[in-house]
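Right, one structure below, let's go through it.
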Amino acid sequence: MPTPPLTALPIRRLTHRDLTACADLSEDRGWPREEHKWGLLLSAGKGYGIDDPGRGLVSACVVTEYGPYGSPAFGAIGMVLVAERYARQGVGRRLMRHVISLMGSTPLTLHATPNGRPLYEELGFKSTGRAEMVRGHFTPDERASGVATRAATAEDLTSILRLDEEVFGADRTHMITRLPAFADQLRVAEDEGRIIGYAAAWPNMDTQVVGPLIARDTETAKALLSSLAAHTDRPLRTDIDVRHEKLLTWLKARGLEPVAFNAVMTYGITELPGDWRRRFAPLTVAAG
């Protein structure tokens with residue numbers, strides 16, 4: 001039988017059984033396999049993909065919904081990938097149009113690479129900000145921090161969820177409650193017994209990705225980053241909102257180097273919800 005045209009290939013939901021195929025697709029495009037991250041996204045979000053009969057998965061993406069179940073207030077799109085042999089043939093555009101249609105009037109966001117940005121602009125996304133990825137071995141700050149940090153406990157979860165929703169601008173309980181199992185570290189910052197920030201560090205290939213990073217101010221963010229770095233010998237990697245100039249300058253002075261810039265884009269809203277002043281880094285750029 002002749003191979004059906006790309007425009008006729010069905011779009012289907014992805015499941016955990018597709019994890020290896022998704023990692024293979026990442027590798028095909030020169031990305032890290034990131035199976036640990038794919039596992040989180042496919043369990044907490046909704047994956048969509050296109051198969052070429054006999055040749056496997058050729059395109060994929062994941063949407064993570066936030067807010068009330070069944071009536072999301074907000075959605076994040078990530079891991080938009082097309083196999084190299086199908087690039088520039090409209091496959092990614094078709095998958096994105098499908099996802100946007102499914103989400104209806106729900107506002108959307110994504111982090112766009114320079115290569116992906118023209119497609120998203122064509123689909124109606126607007127650039128509303130930028131995030132800078134930095135990576136490297138962290139050199140401890142010799143100055144003692146005045147902010148107290150410690151490992152999070154199960155008793156902290158209610159306070160973490162309350163703070164997270166306030167700062168993120170939508171309920172993401174289904175994502176944050178997975179952090180203790182997903183992350184190697186989950187730490188909180190306190191002021192007189194009240195949690196004023198929290199951060200996680202999770203394994204991604206040979207690095208520890210810091211995210212989410214939510215903090216009352218820059219000094220609290222520094223204290224959380226320092227405490228995470230003190231408990232790993234791996235390089236740190238994180239994506240910082242460029243408006244947090246002081247934190248980026250400090251991280252670069254501590255040994256982290258710029259890797260890339262991504263455009264933060266929105267669809268259906270002009271700005272991300274929540275409080276950017278306390279939102280320093282996403283859990284992952286794929287999920288906001």
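The values are calculated or read from the model by the stated rules, or taken from the named source; none is laboratory data. Keep in mind that this is a model prediction, so the values were computed, not measured. With ideal geometry, Cβ positions are generated from the backbone for all residues, glycine too; neighbour counts draw on all protein chains shown. Just the protein is used for accessible areas: all its heavy atoms, side chains included, with ligands, DNA and RNA removed. Shrake-Rupley method; radii C 1.70, N 1.55, O 1.52, S 1.80 Å.
Odds and ends about this structure:
- Computing Rg and the Kirkwood Rh from the Cα coordinates of the range 170-210 gives a ratio, Rg/Rh, of 1.04.
- Share of carbon and sulfur in the accessible heavy-atom surface of the range 1-155 [1.4 Å probe, %]: 52 percent
- Residue with peak Gaussian network fluctuation, the chain [Cα springs, cutoff 10 Å], from LYS246, LYS46, LYS126: LYS246
- Segment ARG55-ARG243, extension gain: residue separation times 0.36 nm, minus the distance between their alpha carbons: 63.3 nm
- Over the chain, relative contact order from alpha-carbon pairs under 8 Å, at least 6 apart, %: 22 percent
- Charge dipole (the range 34-123, unit charges on Cβ, about Cα centre) - positive-most of LEU57, GLY70, GLN89: GLN89
- Under 18 Å from LYS37, Cα to Cα: lysines that are on another chain or at least 8 residues apart: LYS46
- Scaled to the globular estimate 2.2 N^0.38 Å, the Cα spread of the range 216-270, given as radius of gyration, is 1.31.
- Where the alpha-carbon atoms of the range 137-288 are placed on the principal axes, they occupy 43, 37, 29 Å, in descending order.
- The orientation-averaged shadow of the Cα convex hull for the range 155-236, equal to a quarter of the hull surface, comes to 5.5 nm².
- HIS137 accessible area, 1.4 Å probe, all protein chains in place, Å² to nearest 10: 110 Å²
- Coarse-grained scattering of the range 100-151 at q = 0.28 Å⁻¹, given as base-10 log I(q)/I(0) from a Debye sum over alpha-carbon atoms: -1.25
- Potential extension, HIS98-ALA151 segment - 0.36 nm per residue separation minus Cα distance: 14.9 nm
- Gyration tensor over alpha-carbon atoms, the range 144-185, equivalent ellipsoid semi-axes in Å: 20, 15, 9
- Isotropic mean projected area of the C-alpha convex hull, the range 1-103 (nm²): 6.7 nm²
- Per residue, the chain exposes 46 Å² of accessible surface when a 1.4 Å probe is rolled over the protein heavy atoms with every protein chain present.
- Cross-link partners for LYS252 among the aspartates and glutamates, with Cα-Cα distance under 17 Å and sequence neighbours closer than 8 places in the same chain left out: GLU132, ASP141, GLU142, GLU219, ASP239, ASP241.
- With the Kirkwood sum run over all distinct C-alpha pairs, the chain has a hydrodynamic radius of 19.6 Å.
- Per-residue extension of 0.36 nm, minus the Cα-Cα distance of THR218 and THR128, leaves a gain of 30.2 nm for this segment.
- Cβ-placed point charges (K, R +1; D, E -1), dipole of the range 23-146 about Cα centre in debye, nearest 20: 360 debye
- Relative to the 2.2 N^0.38 Å rule of thumb, the range 51-176 has a C-alpha radius of gyration ratio of 1.39.
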